1. Within segment 45-75, how many residues are assigned to a helix (DSSP H, G or I), over 20 Å from residue 20 (Cα atoms) and touching a helix residue (DSSP H, G or I) at 6+ places or on another chain (Cβ under 6 Å)?
2. Of 60, 11, which residue is out of contact with any Cys (no Cβ under 9 Å at 6 or more places or on another chain), among the hydrophobic types (A, V, I, L, M, F, W, C) and touching a residue at least 40 places away in the same chain (Cβ under 8 Å)?
3. Quick check on segment 29-47. Is at least one of its residues among the hydroxyl-bearing types (Ser, Thr, Tyr) and closer than 26 Å to residue 12 by Cβ?
4. If you check residue 46 against the conditions, is it surrounded by 13 or more Cβ atoms within 10 Å (Cβ to Cβ), among the hydroxyl-bearing types (Ser, Thr, Tyr) and either modelled with pLDDT of 95 or more or touching a His at 6+ places or on another chain (Cβ under 6 Å) (or both)?
Amino acid sequence: MELVIIAASIMIGLGALGTGIGFALLGGKLLESTARQPELGPNLQTKTFLMAGLLDAVPMIGVGIAMYLIFVVAPGMGA
């Protein structure tokens, strides 16, 4: 049962790591694209915010699954 807690921790940790890398790449590409063509800045920013929302949804699903594992699959392990 302790493996369930470790699995949930790994899910949350890797989700956070992947999101951090994704946001870094997304922001870097936005700055690079806006520097190349400043007139497309507002259009690119809108698309970047849309992609950031989708990028942020993936680890939230992982957190939900991890909470399910912790509280439903292995109840009483934390106490």
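The values are calculated or read from the model by the stated rules, or taken from the named source; none is laboratory data. None of the values given here were measured: they were computed from a predicted structure. Cβ sites come from the backbone with ideal geometry, for glycine too, and all protein chains shown count toward neighbours.
1. Initial filter on segment 45-75 (assigned to a helix (DSSP H, G or I)): 45-73.
Retained after the next criterion (residues that are over 20 Å from residue 20 (Cα atoms)): 67-73.
From the residues that got through so far, the ones that are touching a helix residue (DSSP H, G or I) at 6+ places or on another chain (Cβ under 6 Å) too are 69-70, 73.
Result for segment 45-75: 3.
2. On the way: 60 fails: touching a residue at least 40 places away in the same chain (Cβ under 8 Å).
After applying the criteria, what remains is 11.
3. Step one: list which residues in segment 29-47 are among the hydroxyl-bearing types (Ser, Thr, Tyr), which gives 33-34, 46.
Now drop any that are not closer than 26 Å to residue 12 by Cβ, which leaves none.
Scanning segment 29-47 turns up no residue that is among the hydroxyl-bearing types (Ser, Thr, Tyr) and closer than 26 Å to residue 12 by Cβ.
4. On the way: surrounded by 13 or more Cβ atoms within 10 Å (Cβ to Cβ): no; among the hydroxyl-bearing types (Ser, Thr, Tyr): yes; either modelled with pLDDT of 95 or more or touching a His at 6+ places or on another chain (Cβ under 6 Å) (or both): yes.
When the stated conditions are applied, residue 46 does not pass them.
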